[in-house]
1. Any residue in region 337-345 that is in contact with a strand residue (DSSP E or B) (Cβ under 8 Å, 6 or more places away or on another chain) and of a type in the set (Val, Ile, Thr)?
2. Suppose we filter 255, 262 for residues that are β-branched (Val, Ile, Thr), open to solvent by 20 Å² or more (accessible area, probe 1.4 Å) and within 19 Å of the chain's Cα centre (by Cα); which single one remains?
3. Here is a check on your reading of the model: is residue 149 under 23 Å from residue 444 (Cβ atoms) and modelled with pLDDT of 95 or more?
4. Looking only at residues that are open to solvent by less than 10 Å² (accessible area, probe 1.4 Å) and not small (Gly, Ala, Ser) in region 344-356, which one is farthest from residue 475 (Cα to Cα)?
5. For region 357-378, name all the residues that are open to solvent by 20 Å² or more (accessible area, probe 1.4 Å), more than 28 Å from residue 432 (Cβ to Cβ) and in contact with a Phe, Trp or Tyr (Cβ under 8 Å, 6 or more places away or on another chain).
6. Looking only at residues in region 241-252 that are basic (Lys, Arg) and under 15 Å from residue 156 (Cα atoms), which one is least open to solvent (accessible area, probe 1.4 Å)?
Amino acid sequence: MDWLDKLSQFWPHLVAGFDLLAAVLASCHALLYKRDSRAATLWIGIVWLMPVLGPILYLVFGVNRIRRRAIKLGVHQTISRPIPDDLGEPQHDGAEHLKMLARVVGRVVERPLTPGNKIEPLVNGDEAFPAMLAAIDSAKKSISLVSYIFDNDPAGNQFIDALRRAIEEHGVEVRVLVDAAGTRYSWPPIIHVLRRAKIPYAKFLPSSLLQPWRVATINLRNHRKVLVVDGQTAFTGGMNIRHGNVLARKPKSPVQDLHFRVEGPVVTRLQEAFVNDWAFTTGEILDGNNWFPELKESGIVIARVIADGPDADFDKLRWTLLSALAEAQTSVHIVTPYFLPDQTIVAALNLAALRGVRVDIILPAKNNLPFVHWASRSLWWQVLQRGCHVWLTPPPFDHSKLMIVDGHWVFLGSANWDARSLRLNFELNVECYGREFADEMEKVIVKKMLGAHEVTLTEVDARSVPGKLRDAIARLFSPFL
């Protein structure tokens, strides 16, 4: 066969030509779209020093294709509304300066502050799951649920049964969105159970070796956790649907966490976030009174939803964190399971401490991801040497995500303090203004710190050289952890 002979002669040239074209295209993309010149330089080096494999790695880990697709969807809306004068504190007791924070975040997020909300903390699955299941059982019109992890286990099956009852017994419209990567945490995946129960569901950004055109989204995940019932009552925070969150059942791998019940006008914004994700995934637009009823004020918390992701909402959480650290005057409390901030955020933390702000960073002593713990430990010295305080809480592993500034501003939701949350994941947080709610959350933090160990700079410096090297090597991979 002459054509086979010719192909065998020319295929090396074809591969070389393809690699050259791919390398040029990848390099141009990195130069045009990478905001960090160091990242652009690194990727260009990988592309040219690793023939064929380099451009493929850049396509998988370096290209953000969701941004363009989300903008084309056109479901984002911009609304402006005056910032409430009292910020949830009629006496303006120590909160006057937070007006600037509210103004800056408003410009970043392009969403209004919403007064008249009630937000209730739910500690662990022991409190959160019964409240969520009761809300599902009370549903009359609609239920929307998005969760990064929805395990096929006793806790997950309770939610399946409740959702099925809502559909079969009350005719409730139900939509369930689960991240494709999150479905792999249990086997068989929960999607099989959802399908058998005839519960409408979708997988966010599914990927497969049989679908190579989706390879560019394999590193992007929907990390949001939101349940909205009848468009009136919502639950959000950092809690996945897993048996390990119910500590009373003494699970094999117990996990502490925080979730929140939300009532009031801000629920509409939480529903909008779900509707955006659902429309992006399925093409179906959810609208009407079943999903967006008129809501009345239910409390005194002023709140704003902040959606973030590698799309039109890129970098909004990061700007919010930097703004809050810049405005802090007395105290900053941070609770996070994964602490891998970039140098800009490290500098903001240190600057706050140098200005005399008390900065407490509360982390789990034993992490569920040892590699992440090593990488985090390698940078503790950078915040300790400028006066920040690092605390390690005893087991079980604490997955909570919370930030409080000056005893008035509370930041809650799904995002961690790492590159994955702030650059790659689709996240959802809520900023809250109000001293009463902040006082309640500070009590939660105080309880978490009982028995916690304060890390000292001397302790960090005294660690063995092999341990420091292991941690430093782990930190090299922090953008992908």
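1. Initial filter on region 337-345 (in contact with a strand residue (DSSP E or B) (Cβ under 8 Å, 6 or more places away or on another chain)): 337-341, 345.
Subset that is of a type in the set (Val, Ile, Thr): 345.
Yes, region 337-345 contains at least one residue that is in contact with a strand residue (DSSP E or B) (Cβ under 8 Å, 6 or more places away or on another chain) and of a type in the set (Val, Ile, Thr).
2. Working: 262 fails: open to solvent by 20 Å² or more (accessible area, probe 1.4 Å).
The match here is 255.
3. Working: under 23 Å from residue 444 (Cβ atoms): yes; modelled with pLDDT of 95 or more: yes.
So residue 149 fits the description; yes.
4. Taking region 344-356 as the starting set, the residues that turn out to be open to solvent by less than 10 Å² (accessible area, probe 1.4 Å) are 345-346, 349, 352.
Still in the running and not small (Gly, Ala, Ser): 345-346, 349.
Numbers: 345: 16, 346: 14, 349: 19 Å.
Here the residue is 349.
5. Within region 357-378, 366, 369, 371 meet the criteria.
6. Of the residues in region 241-252, the ones basic (Lys, Arg) are 242, 249-250, 252.
Still in the list and also under 15 Å from residue 156 (Cα atoms): 242, 249.
Values: 242: 74, 249: 106 Å².
Among those residues, the one meeting the criterion is 242.
Results for (1) out of contact with any His (no Cβ under 6 Å at 6 or more places or on another chain); (2) not aliphatic (A, V, I, L, M), shown as yes or no for each residue.
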position: 355; (1), (2): yes, yes
position: 362; (1), (2): yes, no
position: 367; (1), (2): no, yes
position: 393; (1), (2): yes, yes
position: 418; (1), (2): yes, yes
position: 421; (1), (2): yes, yes
position: 424; (1), (2): yes, no
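Residue by residue, here is whether (1) under 28 Å from residue 356 (Cβ atoms); (2) touching a Pro at 6+ places or on another chain (Cβ under 9 Å); (3) surrounded by fewer than 16 Cβ atoms within 10 Å (Cβ to Cβ) holds:
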site: 380; (1), (2), (3): yes, no, no
site: 397; (1), (2), (3): no, yes, no
site: 405; (1), (2), (3): yes, no, no
site: 441; (1), (2), (3): yes, yes, no
site: 457; (1), (2), (3): yes, no, yes
site: 461; (1), (2), (3): yes, no, yes
site: 465; (1), (2), (3): no, no, yes
site: 477; (1), (2), (3): no, no, yes
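The values are calculated or read from the model by the stated rules, or taken from the named source; none is laboratory data. Fair warning: this is a prediction, and the values are worked out from it, not measured in the lab. Heads up, the Cβs are rebuilt from the backbone with ideal geometry, glycines too, and the neighbour counts pull from every protein chain shown. Calculation scope for accessible area: heavy atoms of the full protein, side chains included, ligands and nucleic acids excluded. Shrake-Rupley method; radii C 1.70, N 1.55, O 1.52, S 1.80 Å.
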